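In what follows, a structure is listed as structure tokens, so that the remarks can point back to it.
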């Protein structure tokens, strides 16, 4: 596998950092990865390697405010912007690889972004894979807290509103340690603007996801504390795809691609994609 670093122009002209992994032989398929909140594309090197070994050429970007892309740390500014940023990368990947089927993979917040991108711009996307997707907060966020987050987003968009516990991402201590020591991972409190924008997107999904038509695979750990499966289930039931598969992994935490069972999870994903090649 060959790993390259590049950049792409975002929706408002912002230059965003992106990565491109090439397989040893000529690519037969394309994958685009959207990472989660406060992290970056470099944390998907292992997944990209497994995909490349199966003939994928893989693309991933650092969302604005994340990793090596510019912007206030972990502040996505507007949800619509990160959706259109991702669409710009999907369009680039499709243009670079004409005729090859493209799979969009989104994790956590990236799952919400990927789903919104697939709903708005389905033409170039053959399959959608969602890992621990942040599609609903359910009743976990009290009404008063929602009001406060929205107010802070309007007047103090960069003030911290939520801190993510590192030990909730994986049961593998080495993964947690690497996450905590990674200088490109944002470990401060998540800005109110990002939280408000993500919560607004979540609230819209129940009324929009029935329009989804492409094959969709969802991978979710039952012990996920960052994006609990329970509140997400009603949204998954409303996904409009006739070809819909949900793998619920008993006891796995949030980052199923970084759990001790990651090879089984990735194997399940590749088998699902192979069956739709």
Report task. Test residue 25 against the stated conditions and say whether it is surrounded by 24 or more Cβ atoms within 10 Å (Cβ to Cβ), on the phi < 0 side of the Ramachandran plot, out of contact with any helix residue (DSSP H, G or I) (no Cβ under 7 Å at 6 or more places or on another chain) and modelled with pLDDT of 95 or more. Result -> no
Report summary line: Exactly one of 271, 277 is without any contact (Cβ under 8 Å) to a residue 60 or more places away in the chain, surrounded by fewer than 14 Cβ atoms within 10 Å (Cβ to Cβ) and within 18 Å of residue 103 (Cβ to Cβ), and that residue is 271
Query raised in the report: in contact with a helix residue (DSSP H, G or I) (Cβ under 6 Å, 6 or more places away or on another chain) and over 18 Å from residue 262 (Cβ atoms) - does that describe any residue in segment 37-57?
Result: yes
Query raised in the report: In segment 101-115, is there at least one residue being touching a helix residue (DSSP H, G or I) at 6+ places or on another chain (Cβ under 8 Å), at negative phi and surrounded by fewer than 23 Cβ atoms within 10 Å (Cβ to Cβ)?
Result: yes
Query raised in the report: Only one residue in 90, 58 is within 17 Å of the chain's Cα centre (by Cα), in a strand (DSSP E or B) and without any contact (Cβ under 8 Å) to a residue 60 or more places away in the chain, so which one is that?
Result: 58
Report task. Filter segment 4-53 down to residues that are in contact with a strand residue (DSSP E or B) (Cβ under 7 Å, 6 or more places away or on another chain) and part of a loop (DSSP other than H, G, I, E, B), then give me how many there are. Result -> 7
Query raised in the report: Of (1) closer than 30 Å to residue 80 by Cβ; (2) out of contact with any strand residue (DSSP E or B) (no Cβ under 7 Å at 6 or more places or on another chain); (3) surrounded by fewer than 16 Cβ atoms within 10 Å (Cβ to Cβ), residue 264 satisfies all except one. Which?
Result: (1)
Requested in this report: Return the residue satisfying two criteria in turn: it lies in segment 61-76 and is touching a helix residue (DSSP H, G or I) at 6+ places or on another chain (Cβ under 7 Å) and part of a loop (DSSP other than H, G, I, E, B), and of such residues it is surrounded by the fewest Cβ atoms within 10 Å (Cβ to Cβ).
Outcome: 75
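The values are calculated or read from the model by the stated rules, or taken from the named source; none is laboratory data. What you are looking at is a predicted structure, and each value in this text was computed from that prediction instead of being measured. Note: ideal-geometry Cβ built from the backbone for every residue, glycine included; neighbour counts use all protein chains shown.
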